[in-house]
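Chemist: Supplied in structure tokens, the structure appears directly below.
Here, each number is a calculation from the coordinates, and none is a lab measurement. These numbers come from a predicted model, not from an experiment. FYI the Cβ positions are ideal-geometry reconstructions off the backbone, even for glycines, and counts take in every protein chain you see.
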Amino acid sequence: MLARRLYYILKPYLPRDVRITMRRIVARRVRAKSSTIWPINESTSAPPAGWSGWPDGKKFAVVLTHDVEGPEGVALSRDLAELEMSLGYRSSFNFIPEGTYRVSPELRTWLTSQGFEVGVHDLNHDGHLYSSRDGFSRKAQRINHYIKEWGASGFRAGFMLRNLQWVHQLDINYDASTFDTDPFEPQPDGEGTIFPFWIKTPVLSSGNNHTPAGATHITPTKRGGYCELPYTLPQDSTLFLLLQETTNDIWRRKLDWVAAHGGMVLVNVHPDYLPIQGNSRKSSKTVRDHYADLLRYLSETYGQTYWHALPREMAKFVHANKNQTTPVV
Ligand SMILES: [Zn+2]
């Protein structure tokens with residue numbers, strides 16, 4: 001789309017408010033064209049072949065995640081964690097290791113001591129993680145360093161960019177850079193499922209002339225692959241920053257739909273955007289208000305019927321059940 005391409009070309013030269021205005025124009029156009037696939041794409045509801053359900057016979061699953069984009073987000077992370085704790089939830093916080101801030105060991109330790117999970121979000125968050133194969137290999141070493149140092153299990157790329165073959169180079173149990181349907185992202189092709197799935201590391205033998213494209217640097221790990229966790233609720237930034245929604249009706253409706261189909265509700269909320277109002281002329285509610293309301297709605301409507309898991313627990317489940325969660329290709 002022309003408007004989208006123009007936006008990405010001009011982006012580095014524009015002031016923030018102009019950038020947001022342009023993104024809003026693009027988002028409104030995408031929304032108008034995507035009504036049959038967003039926020040719900042009916043074709044994504046089928047469970048994987050051989051699927052035998054969630055642990056303890058639960059009806060669906062819920063995973064809460066957060067990407068921390070800048071210093072404002074770091075400052076609000078503890079507030080967000082305490083909000084979730086007060087409502088009986090836990091989540092993962094993904095921090096950028098070499099971006100515009102440094103996350104303190106104290107914050108990471110506090111989060112994990114309270115039952116939260118810490119993950120790695122990109123490396124620099126500059127939009128160039130997958131720009132070249134060699135560049136990615138170098139960055140993968142840095143990312144693996146932080147995964148080890150932080151005791152992390154999972155990874156999510158900035159801007160939901162992805163190359164699921166190259167990701168095998170990361171020492172992770174899961175990647176969470178995909179989605180069921182999200183036409184607003186720079187790589188807008190969805191995975192087409194509301195279930196987590198297992199991605200097996202390609203087996204390469206020496207002298208093999210049929211090496212998959214991009215697989216030349218892959219060292220098979222003991223795990224033999226990784227779990228992919230697509231997010232299935234729209235991101236807070238899409239709903240409130242770009243589309244300027246004044247309610248969380250889309251979140252609630254999508255949650256109900258994923259629950260009805262027994263899938264995985266996975267949401268990504270950025271602590272950075274908690275104070276934002278969708279449209280301050282029409283509603284004074286902030287993203288924080290909408291998110292707290294969503295969590296209350298979830299527990300009041302569905303009680304104990306869903307499996308609330310951290311992403312690493314979900315990845316462990318998928319690994320243990322990989323025969324049921326590997327897509328048939
Ligand atoms: Zn990000």
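Chemist: Starting at 0 and stepping by 10 Å, how many percent of the alpha carbon pairs of the chain end up in each bin?
Modeler: Distribution as computed: 5, 26, 36, 25, 7, 1, 0 percent.
Chemist: Continuing with the same structure: Show me the ranking of peptides 159-168, 25-34, 11-20, 120-129 by mean Cβ neighbours inside 10 Å, starting with the highest.
Modeler: In decreasing order of mean packing, 159-168, 25-34, 11-20, 120-129 become 120-129, 159-168, 25-34, 11-20.
Chemist: With unit charges on the beta carbon (Lys/Arg positive, Asp/Glu negative), name the residue among S237, P311, Y13 whose Cα is farthest towards the positive pole of the charge dipole of the chain.
Modeler: Result: Y13.
Chemist: Counting DSSP beta bridges in the chain, what percent are antiparallel, to the nearest 5?
Modeler: 20
Chemist: May I pose another question? Pulled fully out, how much extra length does the chain show between S52 and A32, if you take 0.36 nm times their separation in residues and subtract their Cα-Cα distance?
Modeler: Value of the extension gain: 3.5 nm.
Chemist: Let me ask something else. Tell me, in nm to one decimal, what length is gained between Q187 and R19 on full extension, where the rule is 0.36 nm per residue of separation less the Cα-Cα distance?
Modeler: The Q187-R19 span can extend by a further 58.6 nm.
Chemist: Let me ask something else about it. Once fully extended, how much extra length lies between A320 and D289, figured as 0.36 nm per residue of separation less the alpha-carbon to alpha-carbon distance?
Modeler: That pair, A320 and D289, stretches by 7.5 nm at full extension.
Chemist: Expressed in nm², what is the orientationally averaged projection area of the convex hull enclosing the Cα positions of the stretch 237-329?
Modeler: Projected over every direction and averaged, the Cα hull of the stretch 237-329 covers 7.7 nm².
Chemist: On the Cα set of the stretch 51-170, report Rg and Dmax in Å, please.
Modeler: Answer for the stretch 51-170, Rg first and Dmax second: 15.6, 45 Å.
Chemist: How would you classify the stretch 1-113 from its alpha-carbon gyration tensor, with a ≥ b ≥ c the square roots of the eigenvalues: rounded for a/c under 1.5, else prolate if a/b is greater than b/c, otherwise oblate?
Modeler: oblate
Chemist: I would also like to ask the following. Distance cut-off 23 Å, Cα to Cα: go down the list K148/K316; K200/K316; K58/K322; K59/K322; K33/K59 and report the pairs above it.
Modeler: K33/K59
Chemist: Also, quick follow-up: Any idea how far the Cα center of the stretch 1-63 sits from the one of the stretch 278-325, in Å?
Modeler: 17
Chemist: Calculated FRET efficiency, L10 and T100, Cβ-Cβ r, R0 22 Å, to nearest 0.05?
Modeler: It comes out at approximately 0.55.
Chemist: Shifting gears a bit: Karplus couplings for the stretch 292-307 from phi (6.51 cos²θ - 1.76 cosθ + 1.60, θ = phi - 60°), rounded to Hz, Gly and Pro as x?
Modeler: Computed from phi, the couplings for the stretch 292-307 are 4, 5, 4, 5, 5, 4, 4, 6, 6, 7, 10, x, 9, 7, 10, 8 Hz.
Chemist: Once you sort the root eigenvalues of the Cα gyration tensor of the stretch 113-188 as a ≥ b ≥ c, which label holds: rounded (a/c under 1.5), prolate (a/b larger than b/c) or oblate (the other case)?
Modeler: The shape class here is oblate.
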